[in-house]
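A short write-up of the structure that comes next.
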Amino acid sequence: MARYRDAKCRLCRREGMKLFLKGARCFTDKCAIERRNYPPGQHGLNRGKLTPFGVQLREKQKAKRIYGVLEKQFRRYFEWAEREKGATGENLLKLLELRLDNVVHRLGFAASRRESRQMVAHGHFQVNGRKVTVPSYLVKMGDVVELRPTSKHAARVDDNLNAGRGQVPQWLEVQPDGRRGVVRSEPLREDIQIPVSEQLIVELYSK
């Protein structure tokens, strides 16, 4: 399972905004953006103005980093989105939102997508009663995502649910007492609250 293994805070600094890659740390003064709000590297303070291509590239990189997807897999999602009916950019974001690791994060069971990816890979969740250990598994409307019986009383999950850092989107329904969530519908663009302009990603890949 390929994943980014280097420093996560460098990614936020490179994009110039909080991507919330490290959970609770991103809400404290220890956040890298709070301490050094400029790109990493020797010339971080002296970077020039971005070209139109650079703007498109940054939007693509931002989306990849928010969802924790590497280039090859992200390109496959784009090709899949192109074949679907509707706007390619919105289809792309919808596919990324339907990933199991993202759904676990959106339901509030994990403080970040990085943590939810680890929890799924370690076998803490099941979909429709069957254990799923693939973070990229795509859920469908009506699917029930819940903690496995041996994981329902994990202290870490309690902490994340009690923190209440984000509102559960309308396309999901969470039942904290039962440690489960239900996919009520497919996400609409207005339900996907991330700072990404998907049209710029489409323009980049269409060159």
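Scanning the stretch 63-109 for residues that are under 20 Å from Arg180 (Cα atoms) and in a helix (DSSP H, G or I) gives Glu97, Leu100, Asp101, Asn102, Val103, Val104, His105, Arg106. Residues that are in a helix (DSSP H, G or I) and in the same structural domain as Asp177 (by TED's automatic domain parsing) occur at least once in the stretch 120-134. Residues satisfying the criterion are present in the stretch 116-129 (criterion: closer than 22 Å to Val182 by Cβ, at pLDDT below 95, more than 13 Å from the chain's Cα centre (by Cα) and among the aliphatic types (A, V, I, L, M)).
Scanning the stretch 140-149 for residues that are more than 13 Å from His105 (Cα to Cα) and either surrounded by 17 or more Cβ atoms within 10 Å (Cβ to Cβ) or in contact (Cβ under 8 Å) with a residue 24 or more places away in the chain (or both) gives Lys140, Met141, Gly142, Asp143, Val144, Arg148. When you check Leu147 against the structure, is it outside the structural domain of Arg58 (by TED's automatic domain parsing), within 20 Å of Ile66 (Cβ to Cβ) and among the hydrophobic types (A, V, I, L, M, F, W, C), yes or no? No.
Filtered by the rule that a residue be surrounded by fewer than 12 Cβ atoms within 10 Å (Cβ to Cβ), of a type in the set (Gly, Ala, Ser) and at pLDDT 90 or above, the stretch 36-86 gives a lone residue, Gly86. Of the residues making up the stretch 134-187, those that are within 17 Å of the chain's Cα centre (by Cα) and of a type in the set (Ser, Thr, Tyr) number 2.
The residue that is nearest to Gly68 (Cα to Cα), counting only those in the stretch 120-139 that are crowded, with 22+ Cβ neighbours inside 10 Å and either touching a Pro at 6+ places or on another chain (Cβ under 9 Å) or not aliphatic (A, V, I, L, M) (or both), is Pro135. The residues in the stretch 150-179 that are charged (D, E, K, R) and touching a residue at least 60 places away in the same chain (Cβ under 8 Å) can be counted, and the count is 2.
The values are calculated or read from the model by the stated rules, or taken from the named source; none is laboratory data. None of these values were measured; they are calculated from a predicted model. Cβ coordinates were reconstructed from backbone atoms using ideal geometry, including for glycine residues, and neighbour counts include every protein chain displayed.
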